[in-house]
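The structure appears right after this line, and notes come after that.
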Amino acid sequence: MIWPKEYKIETINRLKKNTIHEPLGIEITAIGDDYLEGTMPIDNRTKQPAGILHGGASVVLAESLGSIACSLMIDKETHYCVGQSIFANHIRPGISGLAHGKATPIHLGRKSQIWQIDLTNDEGKLICTCRL
């Protein structure tokens, strides 16, 4: 397990109050030994005028999952996490349902981390892949 202590999903989700996660409906759904998962609705809050998931909304979900995962790894009394860069490839359009994201670490260093975040649709097909 990569996490320095055990976390409850309910505790993590309470942190969304008064953040971008609240109006976009982003929820943390699972925490495993080496990953963090969450979802975001594909609806009027997250779609572009063409009726598909907005690429920026995909990036918000990806950066949120990676940043939350990063923050679970550190001592928040002495450090904080922010994204330095994010790279996204949009693979297929999200039409409806939920965007499901899974963040897994690529590098966990003393002063930097790199996370891979893959977003899929309800059928498990890749929508977007990001590196944060």
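The values are calculated or read from the model by the stated rules, or taken from the named source; none is laboratory data. As the structure is a prediction and not an experimental result, all values here were calculated from the model. Backbone-built Cβ (ideal geometry, glycine too); neighbour counts: all protein chains shown. Accessible surface areas use protein heavy atoms only, side chains included; no ligands, DNA or RNA. Shrake-Rupley method; radii C 1.70, N 1.55, O 1.52, S 1.80 Å.
Which of the residues spanning the stretch 5-18 are farther than 13 Å from Ser67 by Cα and either open to solvent by less than 100 Å² (accessible area, probe 1.4 Å) or small (Gly, Ala, Ser) (or both)? Show your work before the answer.
Quick first cut of the stretch 5-18, residues farther than 13 Å from Ser67 by Cα only: 5-11, 13-14, 17-18.
Selection gives Tyr7, Ile9, Thr11, Asn13.
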On the basis of being in a loop (DSSP other than H, G, I, E, B) and aliphatic (A, V, I, L, M), does Ala30 make the cut? no
Number of the condition not met by Lys17 [criteria: (1) over 17 Å from Thr129 (Cα atoms); (2) at pLDDT 95 or above; (3) within 17 Å of the chain's Cα centre (by Cα)]: (2)
Just to confirm my filter: which strands (runs of 3 or more DSSP E) fall fully inside the stretch 57-132 and include at least 2 residues that are touching a Gly at 6+ places or on another chain (Cβ under 7 Å) and surrounded by 20 or more Cβ atoms within 10 Å (Cβ to Cβ)? 98-108, 113-120
Please find, within the stretch 57-89, the residue that is farthest from Ile20 (Cα to Cα) out of those that are without any contact (Cβ under 8 Å) to a residue 12 or more places away in the chain and of a type outside the set (Asp, Glu). Thr78
Kindly provide the set of residues from the stretch 64-82 that are farther than 18 Å from Ile26 by Cα and either hydroxyl-bearing (Ser, Thr, Tyr) or in contact with a Phe, Trp or Tyr (Cβ under 9 Å, 6 or more places away or on another chain) (or both), ordered by number. Met73, Ile74, Thr78, Tyr80
What number of residues within the stretch 30-56 are in contact (Cβ under 8 Å) with a residue 60 or more places away in the chain and either out of contact with any Gly (no Cβ under 9 Å at 6 or more places or on another chain) or hydroxyl-bearing (Ser, Thr, Tyr) (or both)? 4
Any residue in the stretch 1-19 that is on the phi < 0 side of the Ramachandran plot sitting within a Cβ distance under 8 Å of a residue that is polar (S, T, N, Q) and surrounded by 11 or more Cβ atoms within 10 Å (Cβ to Cβ)? List the pairs, counting only those 6 or more apart or interchain. Ile9/Thr29
